[in-house]
Structures are given as C-alpha cells and as structure tokens.
Amino acid sequence: TERTTDPAPHEPRRDAGPGQGAGVVVVAGALYDRGRLLAARRSAPVELAGRWELPGGKLEPGESPEEALVRELREELGVEVEPGERIPGEWPLKPGYVLRVWTARLLSGEPRPLEDHDELRWLSRHELDSVDWLDQDRPAVAEAALRLPPA
Ligand code: 9L3
Ligand code: MG
C-alpha cells in the first residue's frame with residue numbers, strides 16, 4: 001500500500017496552508033541606503049519577468065534565514081550585507097511558499113543585477129509607487145517603507 005506519511009523535512013509542502021507549517025520559506029531583503037530602498041526587476045521566470053521585488057530567494061536546508069539572505073544578496077547582487085530586524089508579517093507566494101523579509105544594511109559593494117534581475121533602482125519614499133511591484137511584495141514594501149531611515 002502507498003505510504004501517506006509527511007514528506008521529508010526539506011521537501012516543499014505544496015499543500016501547506018494555515019496550521020500546516022510554513023512550507024518553503026523565501027527570504028528577501030529590504031536593503032536601505034541613504035534613505036532609499038533597493039528594488040530589483042525580475043528577468044525570470046517569464047511569468048514574473050518585468051515585475052519588481054525585494055531581492056532574495058529560497059532558504060536552503062540547514063541555513064538560518066539570515067544566512068540565506070546574506071547568500072542570496074551576494075549571489076544576486078554581488079554585495080555583502082548585514083541582516084537587521086525581521087519585518088513583521090509573512091506573505092503567501094505560490095502554493096506552499098511564503099515570503100519573509102528582513103531589513104539589511106549594505107556593508108560593501110555596489111549592487112549589480114548579476115542573477116535573475118535585469119535592473120535595479122534605489123527608490124526614495126516618494127518613488128516607491130513608481131515601479132510595478134509583484135503583488136506579493138506590496139505589503140512587505142509598505143512595511144519596509146515605514147522603516148526607511150532618513151536620508
Ligand atoms: N518571490 C517573491 N517575492 C520576492 C522574492 C525574493 C521571491 N521578493 C517569489 C518568486 C519565486 C519564488 O518566490 O516564485 C522563489 O524566488 P527566487 O528563488 O526565484 O528568487
Ligand atoms: Mg531570487
């Protein structure tokens with residue numbers, strides 16, 4: 001007979017819903033510099049291409065969210081960052097995936113779109129609505145805006 005046990009700990013839980021665990025955690029960074037927030041335009045996959053997001057990606061097995069954030073921003077943007085506070089809240093992505101966001105401070109490097117993005121923009125508070133954010137990122141961006149340090 002077929003086994004009906006839970007998937008292995010690191011398998012995505014595509015059925016995850018309320019009370020069923022977080023599923024796959026995607027971490028993203030609200031990266032601040034001189035009163036501006038970094039926005040990144042996705043180049044892939046096609047259904048998300050052209051939409052803007054807070055850069056980041058999936059947690060890998062054994063990583064803390066902060067470690068994943070540092071790794072993702074190094075891979076995607078070529079920068080070193082220091083994670084700050086978690087922005088309260090959790091936002092559903094595709095089924096089984098949730099988005100969690102941390103503030104982050106730029107330690108070194110100038111962000112470049114090395115992987116999965118084709119454009120980056122530093123947005124000041126009054127420019128935050130000027131890009132077409134992914135729907136799922138909008139509430140996170142609103143929270144991130146509340147924490148924008150002064151210029
Ligand atoms: N996603 C949504 N908003 C974000 C990020 C970083 C990611 N701010 C979605 C897009 C993908 C999934 O999460 O469907 C995994 O992200 P990635 O590993 O392709 O960056
Ligand atoms: Mg990514």
Exercise. In the range 76-110, what count of residues is obtained for those that are over 13 Å from residue 29 (Cα atoms), among the charged types (D, E, K, R) and in contact (Cβ under 8 Å) with a residue 12 or more places away in the chain?
Worked result: 2
Exercise. For the range 96-113, what are the residues that are surrounded by 13 or more Cβ atoms within 10 Å (Cβ to Cβ) and not hydroxyl-bearing (Ser, Thr, Tyr)?
Worked result: 96, 98, 99, 100, 101, 102, 104, 105, 106, 109, 111, 113
Problem set entry | Number of the exception - residue 138 against (1) within 14 Å of the chain's Cα centre (by Cα); (2) within 20 Å of residue 60 (Cα to Cα) | (2)
Seminar exercise, completed: Residues in the range 32-58 that are part of a strand (DSSP E or B), more than 15 Å from the chain's Cα centre (by Cα) and either among the aliphatic types (A, V, I, L, M) or crowded, with 19+ Cβ neighbours inside 10 Å (or both) total 0
Exercise. In the range 108-146, how many are of a type outside the set (S, T, N, Q) and within 10 Å of residue 37 (Cα to Cα)?
Worked result: 9
Exercise. Any idea which of (1) at pLDDT below 95; (2) within 16 Å of ligand 2 (Cβ to nearest atom) is the one residue 133 doesn't satisfy?
Worked result: (1)
Exercise. Out of (1) away from ligand 1 (no atom under 15 Å from the Cβ); (2) part of a strand (DSSP E or B); (3) surrounded by 15 or more Cβ atoms within 10 Å (Cβ to Cβ), the odd one out for residue 88 is which?
Worked result: (3)
Exercise. Taking residue 61, is it touching a residue at least 40 places away in the same chain (Cβ under 8 Å), touching a strand residue (DSSP E or B) at 6+ places or on another chain (Cβ under 6 Å) and assigned to a loop (DSSP other than H, G, I, E, B)?
Worked result: no
For this session: State whether the residues of the range 116-126 include one that is touching a residue at least 40 places away in the same chain (Cβ under 8 Å) and part of a helix (DSSP H, G or I).
Result: yes
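The values are calculated or read from the model by the stated rules, or taken from the named source; none is laboratory data. Source: prediction; values computed, not measured. Positions of Cβ are generated from backbone atoms using ideal geometry, with glycine treated the same way; all protein chains shown enter the neighbour counts.
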